[in-house]
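Just below is one structure, and these are the notes that go with it.
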Amino acid sequence: MNRVTQTTLRKSRSIDRIIQGIATSDGAGVKLTRVLTGKLQQRLDPFLMLDAFGSDNPDDYIGGFPDHPHRGFETVTYMLAGRMRHRDSAGHEGLLESGGVQWMTAGRGVIHSEIPEQNDGVMEGFQLWLNLPAKRKMTEAWYRDFPGTAIPEYVTEENVTVRVIAGASNGVAGVITREDTEPLYLDIHLPAGAGFSTGIPDTHNAFIYVYRGAVKVAGTPVESQRMGILSNSPEAGGVTLTATENARLILIAGKPLHEPIVQYGPFVMNTQEEIHRALDDFSNGRLA
Ligand code: FE
């Protein structure tokens, strides 16, 4: 295991807002919690959506997400538990398993399915939508599966375990880097009482989502199943968390694009006209 000495921050970003997700369902009746909704797209630019799913009842997930299109952004699926089979219009196929990440750049278009490959047990994870800049919205579709063993991990002197999915934290680089949005995506496991610090670029919008236990950030508690939007404090340099009990959370940050966002379901473009073109391309078999 990679041991690191974590950065010491002069000051931590604080919590701007606590968000409770909205229970909904998508695909073929998959029950999920929409944590990052349309209303937060400006505040959390370049992120468009975050869904948390987690259930041990197959009725909540078994239908999966049959064939559907995407255009104009990237999807990042992180499985904590369970197995999901992915197939797309470009002929890619992969099995996403516990601890693994699937990174897909929909670009100009992809039609894909995401179907659970289990009939019982726990299915748990997250899907994040990351915007593409205008100049890359019509790029060729791209996708890759990273098994859990491929995700870099480190442990701090306080026994905090950190998995680095994207970006870099305390000198450890993740499996994905993106030049326009520079995403940081960490899965952080803290034993009760432990503290943890990581740098976050001053330019970035950032949030945490606690999925086990509870933490405090600059004195503000963030409970399980809550998102804490981090303040944009240029003098902070990053964030310091303290676990008030054994805790697990994801920390996500990215550089805002400051471009217009026009979304119609699975299409996210810059103008209404581009949305009409996406719908037209989709209905005429030109999307992917
Ligand atoms: Fe999808």
- Among the candidates ALA288, ALA278, ALA253, residue that is out of contact with any Cys (no Cβ under 9 Å at 6 or more places or on another chain) and over 16 Å from MET138 (Cα atoms): ALA253
- Message: Among the listed residues GLY29, GLY91, identify the single one that is open to solvent by 20 Å² or more (accessible area, probe 1.4 Å) and either within 16 Å of the ligand (Cβ to nearest atom) or in contact (Cβ under 8 Å) with a residue 12 or more places away in the chain (or both).
- Response: GLY29
- Task: Can you work out which of the residues in segment 271-288 that are away from the ligand (no atom under 16 Å from the Cβ) and small (Gly, Ala, Ser) is least open to solvent (accessible area, probe 1.4 Å)?
- Result: GLY285
- Item | Single unsatisfied condition, SER12 versus (1) surrounded by fewer than 15 Cβ atoms within 10 Å (Cβ to Cβ); (2) part of a loop (DSSP other than H, G, I, E, B) | (1)
- Message: Can you tell me which condition LEU257 does not meet? The list is (1) of a type outside the set (Gly, Ala, Ser); (2) outside any loop (DSSP other than H, G, I, E, B); (3) away from the ligand (no atom under 16 Å from the Cβ); (4) open to solvent by less than 60 Å² (accessible area, probe 1.4 Å), and all the others hold.
- Response: (2)
- Note on the structure: For segment 53-72 the number of residues that are out of contact with any Pro (no Cβ under 9 Å at 6 or more places or on another chain) and part of a strand (DSSP E or B) is 6
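For (1) open to solvent by 10 Å² or more (accessible area, probe 1.4 Å); (2) away from the ligand (no atom under 11 Å from the Cβ); (3) assigned to a strand (DSSP E or B); (4) of a type in the set (Lys, Arg), each residue gets a yes or a no:
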| position | (1), (2), (3), (4) |
| --- | --- |
| GLY99 | yes, yes, no, no |
| HIS112 | no, no, yes, no |
| ASP120 | yes, yes, no, no |
| GLN127 | yes, no, yes, no |
- Task: List every residue pair whose Cβ atoms sit under 8 Å apart, with the two residues 6 or more apart in sequence or on different chains, where the first one lies in segment 266-286 and is part of a helix (DSSP H, G or I) and the second, anywhere, is at pLDDT below 95 and surrounded by 17 or more Cβ atoms within 10 Å (Cβ to Cβ).
- Result: ALA278/LEU287; ASP281/LEU287
- Message: I'm checking my understanding of the structure. Among residues of segment 27-59 that are among the acidic types (Asp, Glu) and at pLDDT below 95, which one is farthest from VAL262 (Cα to Cα)?
- Response: ASP56
- Please enumerate the residues belonging to segment 152-191 that are open to solvent by less than 10 Å² (accessible area, probe 1.4 Å) and assigned to a loop (DSSP other than H, G, I, E, B). THR156, VAL160, THR181, PRO183
- Query: Got a sec? Which of VAL210, VAL268 is modelled with pLDDT of 95 or more, within 16 Å of the ligand (Cβ to nearest atom) and open to solvent by less than 30 Å² (accessible area, probe 1.4 Å)?
  - Reply: VAL268
- For segment 129-151, how many residues are open to solvent by less than 70 Å² (accessible area, probe 1.4 Å), within 19 Å of GLY91 (Cβ to Cβ) and part of a loop (DSSP other than H, G, I, E, B)? 2
- Residue under evaluation ARG71, criteria (1) in contact with a Phe, Trp or Tyr (Cβ under 8 Å, 6 or more places away or on another chain); (2) among the basic types (Lys, Arg); (3) open to solvent by 10 Å² or more (accessible area, probe 1.4 Å), criterion not met: (3)
- Message: Quick test for you: out of ARG17, ARG108, pick the one residue that is in a loop (DSSP other than H, G, I, E, B), closer than 24 Å to PRO260 by Cβ and in contact with a Gly (Cβ under 9 Å, 6 or more places away or on another chain).
- Response: ARG108
- Query: Which of the residues that make up segment 211-236 are aliphatic (A, V, I, L, M) and assigned to a strand (DSSP E or B)?
  - Reply: VAL215, VAL217, VAL222, MET227, ILE229, LEU230
- PHE65 passes all but one of (1) within 15 Å of the ligand (Cβ to nearest atom); (2) open to solvent by 10 Å² or more (accessible area, probe 1.4 Å); (3) within 17 Å of the chain's Cα centre (by Cα); which number fails? (3)
- Go through (1) open to solvent by 20 Å² or more (accessible area, probe 1.4 Å); (2) at pLDDT 95 or above and name the single condition GLY107 misses. (1)
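The values are calculated or read from the model by the stated rules, or taken from the named source; none is laboratory data. Since we're looking at a predicted model, the values are computed, not measured. Virtual Cβ from ideal backbone geometry, glycine too; neighbours counted across all protein chains shown. What goes into the accessible areas is simple: the full protein's heavy atoms, side chains included, and nothing from ligands, DNA or RNA. Shrake-Rupley method; radii C 1.70, N 1.55, O 1.52, S 1.80 Å.
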